[in-house]
Amino acid sequence: MRADEIPTIDQVSLEVAGLGTLNGISLNGKTCQYLGIPYASVPGRFRRSIPAPEPWENGKWDGTKLGPYCPQPPRDFYPVPNAPRPWLDMPEADEFNCLNLNISVPHLPSDQLNKPLPVMVFIHGGAFTYSMNSSPIYDSRILVGSSASKFCRPTIVVTVNYRLGVYGFLAGKDIEAYNSSHGEAGVGNYGLWDQVLALRWVQKHISAFGGDPKQVTLFGQSAGAVSVHAHLLRGEPLFSSAILQSGLIRLCGVLSVDEYQTVYERVLQALDIPLNLNPKDRIERLLAADSSALTKAMVPAFIIPVVTSPLCDDGTFVPGSIPSYDEYNTFNVPEWCPRVMLGDATNECIIWNKSWDNICKSPLAPGEDLTSPTAELTLSKMDSFLGSTKARILSQIYGIDSNTSGKELFMKLEKMTTHGLFSAPIYFARQAAKGSVFAYHFDVPSPFKNAWGGMAHHSFDNVLIWGLLAHEMPESYAKVSECMAEAWIRFASGEDPWEKLSESSKYKVFGLEQTGLTSKEDDLERGHQVWDKLHDLGLVADLARLSEELCLRTGELTRVI
């Protein structure tokens, strides 16, 4: 099926034990999709979700249309166009009815249905604030169709909606007391608890779709990769393989309950809820707030233009505590999930460029304010955050000095923060990991004509893996797109997509001109020498904390009001 093809649509039905009859759609008789399936329900705002009722009402579910998604603030820029899908209407946002799954299944002749199929469960990214499983870019029809027709490894793909933003992650002492009054331990991370119920639903019901609950690959990109890491740390064996695309546990920030209380109070202020009310009255006012007002309040409360919702280190979701930046060279692969793929892209931190581009302005233009930020402000910020000695060393390593021009500074900051939040932590994690670990780098530049065009930017790997925009890109992209999709499918099928890192010290590089295995000795431009030097100097964690401050502005976010 071509990405821009309008398929022939037919209705299909399936009996799901314990639930009832599920209607779905068939695309060209090759892929069946069952959409908007509820896996959990939300008993109240800032409450843990509970399993969806079984069986379905009247023993039926209409899986021919997409389910609601979590309310979220608008984004003023997205680096790729929408994929075409005119036969499905986009759903509405609904805070309390957004927990649903889409399941895509290859249609196979009866003589090929001799064993259960491997399953891939996808957790979307979006800084734990944006996106949805119904986004056209995550429609599984091409990936699932190719798994059977091109790669001869038919695979089921499940995409998950979960709660986002304040609905999925807001925490604080007031909310903790509210949760406790309902007998719920911990606070925040509701979106992650939603994912737990989704994975349990898959374990319980995927066999009805022909899937193998013992062969489930959990994969996610960005905040989705953070989610995968969180589930690995939590330890419930709900999947058997994992793919982490561009992200480890601390990527979107991790706050203590006390730190989150300050964010909670910022949300109250944005809603004009007086802080001098007693905690019970404050939480009641927040619970009564209209969802449109609460969604709008996220933008001023979280400060940065791309709102990013941190996890809460509540000691409950991740037993004990979430690993700190100082534990960058630890990454445990549990016995129950021994196969892990880890990778990153060349230009990751471009996603947060609007958090720091105000300190990257070019030399003064006519009439421009004399106080406009320059490289001097960047160096000053580094100095105040790290101290003069560490700041001087890092500025020298990344070539930032008082004469660095605005455009040059912008790209150096992008490189430095990408190293701090993505490349270096992933590099040391994959070295520490035991078991079947497969590493990769993504170097394919975006062909789209926008501000990120020409960069191998954060999230562009999704475009190639899912294959929904092939018709929008030059033909030269088809080969690397197929190579990535096949590697992901082979991994989910239990095969080695390339050599294990432990066996050869080699990793895969996906490039537009060439894709293949290499080692750090043959990949001198990558930055390994820089990361090793930072490790020797004891500056890896400092760089990560500085990068977080520049991108997420955590110090400002958690400053007591």
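The values are calculated or read from the model by the stated rules, or taken from the named source; none is laboratory data. No experiment lies behind these values; they were computed from the predicted model shown. Positions of Cβ are backbone-derived with ideal geometry, glycine not excepted, and every protein chain shown enters the neighbour counts.
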### Task
State all residues of the stretch 502-543 that are out of contact with any helix residue (DSSP H, G or I) (no Cβ under 9 Å at 6 or more places or on another chain), polar (S, T, N, Q) and at pLDDT 95 or above; if no residue qualifies, say none.
518
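What about residue 43, is it at pLDDT below 95 and under 29 Å from the mean Cα position of the chain (by Cα)?
Numbers: at pLDDT below 95: no; under 29 Å from the mean Cα position of the chain (by Cα): yes.
No: the conditions fail for residue 43.
A quick yes/no check of all residues on (1) over 20 Å from the mean Cα position of the chain (by Cα); (2) over 17 Å from residue 151 (Cα atoms):
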position: 456; (1), (2): no, yes
position: 463; (1), (2): no, yes
position: 470; (1), (2): yes, yes
position: 474; (1), (2): yes, yes
position: 482; (1), (2): yes, no
position: 486; (1), (2): yes, no
position: 490; (1), (2): yes, no
position: 494; (1), (2): yes, no
position: 497; (1), (2): yes, no
### Message
Within the stretch 15-69, considering only strands (runs of 3 or more DSSP E) that don't extend past its boundaries, which have at least 3 residues that are of a type in the set (S, T, N, Q)?
### Response
20-27
### Task
Go through the stretch 14-24 and give me each residue that's more than 28 Å from the chain's Cα centre (by Cα) and surrounded by 13 or more Cβ atoms within 10 Å (Cβ to Cβ).
14, 16, 19, 20, 21, 22, 23
### Summary
Restricted to the stretch 280-314 and to residues being hydroxyl-bearing (Ser, Thr, Tyr) and assigned to a helix (DSSP H, G or I), the residue nearest to residue 125 (Cα to Cα) is 295
### Task
Quick one: count up the residues across the stretch 198-224 that are of a type outside the set (Phe, Trp, Tyr), part of a helix (DSSP H, G or I) and crowded, with 20+ Cβ neighbours inside 10 Å.
7
### Query
So how many residues does the stretch 59-84 have that are over 20 Å from residue 201 (Cβ atoms) and in contact (Cβ under 8 Å) with a residue 12 or more places away in the chain?
12
### Task
Give the residue, chosen from 240, 246, 292, that is buried (at least 22 other Cβ atoms within 10 Å of the Cβ) and polar (S, T, N, Q).
246
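Conditions tested, residue by residue: (1) farther than 30 Å from residue 257 by Cα; (2) of a type outside the set (Val, Ile, Thr).
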position	(1), (2)
470	yes, yes
482	yes, yes
486	yes, yes
489	yes, no
494	yes, yes
510	yes, yes
557	no, yes
### Message
Just to verify a result, which residue in the stretch 376-392, among those that are surrounded by 18 or more Cβ atoms within 10 Å (Cβ to Cβ) and touching a residue at least 24 places away in the same chain (Cβ under 8 Å), is farthest from residue 528 (Cα to Cα)?
### Response
378
### Message
Would you confirm whether or not the stretch 181-192 contains a residue that is surrounded by 20 or more Cβ atoms within 10 Å (Cβ to Cβ) and touching a Lys or Arg at 6+ places or on another chain (Cβ under 7 Å)?
### Response
yes
### Summary
Only one of 75, 48 is surrounded by fewer than 24 Cβ atoms within 10 Å (Cβ to Cβ), touching a helix residue (DSSP H, G or I) at 6+ places or on another chain (Cβ under 6 Å) and within 28 Å of residue 248 (Cβ to Cβ), namely 48
### Message
Being out of contact with any Pro (no Cβ under 7 Å at 6 or more places or on another chain), without any contact (Cβ under 8 Å) to a residue 24 or more places away in the chain and assigned to a loop (DSSP other than H, G, I, E, B): is that true of residue 268 here?
### Response
no
### Message
Give me the residue from the stretch 436-457 that is of a type in the set (Gly, Ala, Ser) and surrounded by 15 or more Cβ atoms within 10 Å (Cβ to Cβ) and, out of that set, nearest to residue 343 (Cα to Cα).
### Response
439
